[in-house]
Amino acid sequence: MKRGPAITYPKDAATMLMMMDVMEGDCVLESGSGSGGMSLFLSRAVGAKGSVLSVEVREDHYTIAVKNYRTWRTSWASRRGQEWPDNVQFENTDLCTASSILTGQGFHSVALNLNSPHLVLPSVLPHLHPGGICVLYIVNITQVVDLLEDIRCSALPCLCERIIEVPVRDWVVTPTQKRNGEYFTIKAPHLDESLRQKDEISDESEDDDVGPSFRSIPYIARPHPEQHSYTAFLVKLRKLES
């Protein structure tokens, strides 16, 4: 997927969907469309009976997100032989002042990916169903502190249930080799003479072209020295009953 701004990566998007408990037929609000990555996940999650309202304040990001969404639907139709429902509505506006597009709407859950998410919560929470979930994708832990402090000072009707980070660690698993490129081999345990003779008879019956026997070469496993996964903090808020 071509992108300008960073996307919500699959590891975080999947966790956010679980946190939000998104189901088919839900009405979901997203703010911070970015490149449209999370919008595609939400579109699939709510299905044909649901809808997603995605709000982006920057016009260049909005344009990229809309283009990626349209390209994805075209690709879906090409592969599946039928169109995916057009269930995402993109808006290029500031959510803080977007009362007109929120009027009369109610959302089952909300996903926010913004620099200052605490600024939009007063505009969003009145439109979130009681008990509904708002998940925030926040890149810096100091922003998480600012968010919680603003919720406390503003007495917003929500409870912070969880703050997590979803790391992905690559591993390297390879057979051990000598400097000359040959593999190390595991030495067979000491056997008494009768067992050794049976072993030799068994070895003679095997094809000489067969490589080292199973588990005769030791392996080494360690975390990859370079970790490239971009991560963020996921904050789960639940709207309290009024």
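The values are calculated or read from the model by the stated rules, or taken from the named source; none is laboratory data. Quick caveat, the model's predicted, so the values are computed rather than measured. So basically every Cβ, Gly included, is an ideal-geometry build from the backbone, and we count neighbours across all protein chains shown.
Of all residues being in a strand (DSSP E or B) and hydroxyl-bearing (Ser, Thr, Tyr) in the range 172-188, which is surrounded by the most Cβ atoms within 10 Å (Cβ to Cβ)? Just the residue, please.
Narrowing the range 172-188 to residues in a strand (DSSP E or B): 172-175, 177, 183.
Imposing the further condition that a residue be hydroxyl-bearing (Ser, Thr, Tyr) reduces the set to 174, 183.
Numbers: 174: 9, 183: 13.
The selected residue is 183.
Would you confirm whether or not the range 104-111 contains a residue that is under 13 Å from residue 33 (Cα atoms) and at pLDDT 95 or above?
Yes: the range 104-111 contains one or more residues that are under 13 Å from residue 33 (Cα atoms) and at pLDDT 95 or above.
Mind listing just one residue for me: the one in the range 158-188 that is more than 30 Å from residue 218 (Cα to Cα) and touching a strand residue (DSSP E or B) at 6+ places or on another chain (Cβ under 6 Å) and, of those, modelled with the lowest pLDDT?
Residues of the range 158-188 that are more than 30 Å from residue 218 (Cα to Cα), as a first pass: 158-166.
With the extra rule that they be touching a strand residue (DSSP E or B) at 6+ places or on another chain (Cβ under 6 Å), the set shrinks to 158-165.
On the way: 158: 96, 159: 96, 160: 97, 161: 97, 162: 96, 163: 97, 164: 96, 165: 93.
Only one residue fits best here, namely 165.
Looking at residue 120, is it hydrophobic (A, V, I, L, M, F, W, C), buried (at least 18 other Cβ atoms within 10 Å of the Cβ) and closer than 21 Å to residue 139 by Cα? Steps first, please.
Values: hydrophobic (A, V, I, L, M, F, W, C): yes; buried (at least 18 other Cβ atoms within 10 Å of the Cβ): yes; closer than 21 Å to residue 139 by Cα: yes.
Yes, satisfied.
Output the residues belonging to the range 1-32 that are part of a loop (DSSP other than H, G, I, E, B), at pLDDT 95 or above and touching a strand residue (DSSP E or B) at 6+ places or on another chain (Cβ under 7 Å).
Within the range 1-32, 21, 22, 26 qualify.
Every residue in the range 149-171 that is in contact (Cβ under 8 Å) with a residue 24 or more places away in the chain and in a helix (DSSP H, G or I), please. Walk me through it before giving the result.
Pass one, the range 149-171, residues in contact (Cβ under 8 Å) with a residue 24 or more places away in the chain: 150-151, 154, 156-171.
Matches in the range 149-171: 150, 151, 154.
Given the criteria touching a residue at least 12 places away in the same chain (Cβ under 8 Å), of a type in the set (Gly, Ala, Ser) and over 16 Å from residue 128 (Cβ atoms), does residue 50 qualify?
Working: touching a residue at least 12 places away in the same chain (Cβ under 8 Å): yes; of a type in the set (Gly, Ala, Ser): yes; over 16 Å from residue 128 (Cβ atoms): no.
Here the answer is no, as residue 50 does not meet what is asked.
Could you grab the pairs with beta carbons closer than 9 Å, sequence gap of 6+ or different chains, first residue in the range 6-26 and free of Cβ contacts under 8 Å to residues at least 60 places away in the same chain, second one among the charged types (D, E, K, R)?
Close Cβ pairs (under 9 Å, with a partner that is among the charged types (D, E, K, R)) amount to 24/49; 25/49.
Taking the range 74-91 on its own, how many of its residues are free of Cβ contacts under 8 Å to residues at least 40 places away in the same chain and under 19 Å from residue 8 (Cα atoms)?
Number of matching residues: 2.
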